[in-house]
1. In the chain, with Lys and Arg counted as +1 and Asp and Glu as -1 at Cβ, which of these residues, A147, A115, L211, has the Cα nearest the positive end of the dipole, that is, farthest along it?
2. Taking Cα centroids, how far is the range 102-174 from the range 25-50 in Å?
3. How high is the relative contact order of the range 16-129, given as a whole-number percent (alpha carbon pairs under 8 Å, six or more residues apart)?
4. Subtracting the Cα-Cα distance from 0.36 nm times the residue separation, let me have the gained length for E101 to D23 in nm, one decimal.
5. Can you tell me the length gained on complete extension of the stretch E73 to D36, counting 0.36 nm per residue apart and subtracting the Cα distance?
6. So in the range 145-218, what percent of DSSP beta bridges are antiparallel if you round to the nearest 5?
7. Can you tell me how much longer the chain between A196 and E210 gets when fully stretched, taken as 0.36 nm per residue apart minus their C-alpha distance, in nm with one decimal?
8. Once phi is turned into θ = phi - 60°, what whole-Hz ³J(HN,Hα) does the Karplus curve with 6.51, -1.76 and 1.60 give for every residue of the range 128-137, x standing for Gly and Pro?
Amino acid sequence: MTLSAVVFDFDYTLTVPDRPRQDVLDDATAAVGAPDLSREEYLEAHSRHLDSPDRTPIFADILPEDSDTDPEELAEAYREKVADSLVAVEGVAGLLADLREEYALGLLTNGPTDAQMSKLDRFDWVDNFEAVVVTGDLDAGKPDERAFEAVLSDLGVAPENAVYIGDDVEADVKGARNAGMYAIQVLFEGGPDAHADADAHVERDALATELPEILTRL
C-alpha cells in the first residue's frame with residue numbers, strides 16, 4: 001500500500017476547547033437570556049442535523065416550546081462562544097506543514113457549515129489542507145461513507161491510499177474503515193477508549209511527535 005493522503009477530524013483531534021463545552025453552552029444561553037440547556041440534549045439534536053448550514057435547527061429542536069428565545073440568535077451566540085474557546089493541540093501547525101511535504105492533506109468535519117467554518121477561520125494552519133469538507137455542505141455526515149467519499153474525491157485519492165485520523169469510534173474509526181480507508185484513533189483522557197477497529201492509536205498530546213512515524217508503518 002502506498003499512503004498518499006492523510007485526512008483529519010477537527011474537533012477534539014486538532015483543537016480542544018479551553019473549558020468544558022457545557023460551560024460554553026451556558027455562556028451562550030446566558031448571553032441571549034435563553035433557558036438552561038444540557039450538553040447531552042444539544043449533542044442528540046446535533047446528530048440529527050449534520051447536513052444543516054447552521055445550528056438554528058438544533059436549537060429549535062431543544063428549546064422549550066414556551067421559550068421566546070430566537071433559535072437563530074442563540075445559534076449565533078453559541079457559534080461565537082465555541083470559536084472563541086478553541087485552542088490548537090500543541091505542535092499541530094508544524095505537524096501539518098511537515099506532512100504536506102509528503103502527503104495530500106484533507107480535513108473532514110461534522111457539523112453545520114457556518115459553525116465549523118467560524119472555527120476553521122481562527123487557525124492559519126488550516127491553509128495546509130488541500131481539501132476541506134464540512135458535512136453541512138453534504139447530504140450526510142460521518143460515519144456515512146458519502147462524507148468520506150467527498151473529501152477523497154476532492155483530493156483525487158483512492159480510499160485504500162488514504163488514512164483518517166480522529167477520536168470518535170463510530171464517526172471516525174468505523175466510518176473511515178467502512179469507507180475503505182485506514183484509521184488512526186486519537187486518544188485522550190475522558191475520550192473514547194482505544195478501539196480494535198483502528199489500525200493504530202496515538203495520544204493527542206503526542207500527535208505532533210508520534211504521528212509521522214505511525215504513518216510510515218501503515
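Read-outs: derived from the displayed coordinates by stated rules, not from any lab. Only a predicted model underlies this, so the values are computations on that prediction, with no experimental measurement involved. Backbone-built Cβ (ideal geometry, glycine too); neighbour counts: all protein chains shown.
1. Highest projection toward the positive end goes to L211.
2. Cα centroid of the range 102-174 versus Cα centroid of the range 25-50: 24 Å apart.
3. Numbers: 127 pairs, mean separation 36.3, N = 114.
So the answer I get is 32 percent.
4. Details: separation 78, 0.36 × 78 = 28.08 nm, distance 3.88 nm.
Length difference between fully extended and current span is 24.2 nm.
5. Going from the current span to full extension adds 11.8 nm.
6. Numbers: 0 of 8 bridges.
Around 0 percent of the beta bridges assigned by DSSP in the range 145-218 are antiparallel ones.
7. Values: separation 14, 0.36 × 14 = 5.04 nm, distance 1.93 nm.
Residue separation times 0.36 nm, minus the Cα-Cα distance, leaves 3.1 nm.
8. 6, 7, 7, 9, 10, 10, 10, 5, x, 8
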